[in-house]
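*Asks:* Dropping the structure in here first, questions after.
Any read-out appearing in this document is the output of simple, stated calculations on the displayed coordinates, not a laboratory observation. Everything numeric in this text was worked out from a predicted model, so none of it was measured.
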Amino acid sequence: AQAEPSVSDPSTKPKAPTLPIITDDENLYKTFGERGGLVQIMDDVMVRWLANPRTRPFFEGADQAKLKGHLVEQFCVIMKGPCTYSGRTMAESHMGMNVNEGSFYALVEELQKTLNARKIPFRAQNRLLAALAPMHRDIIGK
Ligand code: HEM
């Protein structure tokens, strides 16, 4: 069996704990359909976040277009795509929001529904979720 690529790039950790962990899976960006695929994923998942009662209160007042743009950039960076993230850190952007575990997992669940609907392979989904999971420290209870 082939070795799994490691989840994180240790060089990003010591100086910048709030930066997303970068996956070493070289194919991930392609598997997600590159930039166009990520744009469609964010368009789809934002509709779900606005429909889910646990996430809607957070997103209904947000600048959704801007947020989707930053999410595309952030996911692209996580997947080692040719992008630069121009948004704030996770700590800065979720400060004072009072996100709890329930809304965090609701958000992730809606993302999984989107990825399943788009037939993103389970293994690739897990690579992404593994990179997102550690961010909960900067987001929940802040
Ligand atoms: C791993 C989980 C999460 C990731 C990767 C993530 C990522 C992001 C990113 C990249 C931004 C844009 C920051 C900027 O524009 O400067 C953002 C903003 C935002 N996030 Fe999250 N987020 C996560 C969890 C959550 C959760 C659980 C909620 C609420 C249920 C949430 C609600 C929001 C809202 C409302 C904004 C807009 C803030 C504003 O416009 O001022 N996020 N998030």
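*Asks:* By how many nm would the segment from Ala91 to Gln64 grow when fully extended, if each residue of separation counts as 0.36 nm and the alpha-carbon distance is taken off?
*Replies:* Here the segment from Ala91 to Gln64 would lengthen by 7.8 nm.
*Asks:* Also, quick follow-up: Would you grab the residues whose amide H sits under 5 Å from the one on Val99? Only those 5+ places off in sequence or on another chain, please, with H modelled 1.01 Å from N.
*Replies:* Amide H neighbours of Val99, under 5 Å, 5+ apart: Gly141, Lys142.
*Asks:* Give me the number: length gained by fully extending Asn98 to His136, i.e. 0.36 nm times residue separation minus the C-alpha to C-alpha distance, one decimal in nm.
*Replies:* Length gained between Asn98 and His136: 12.5 nm.
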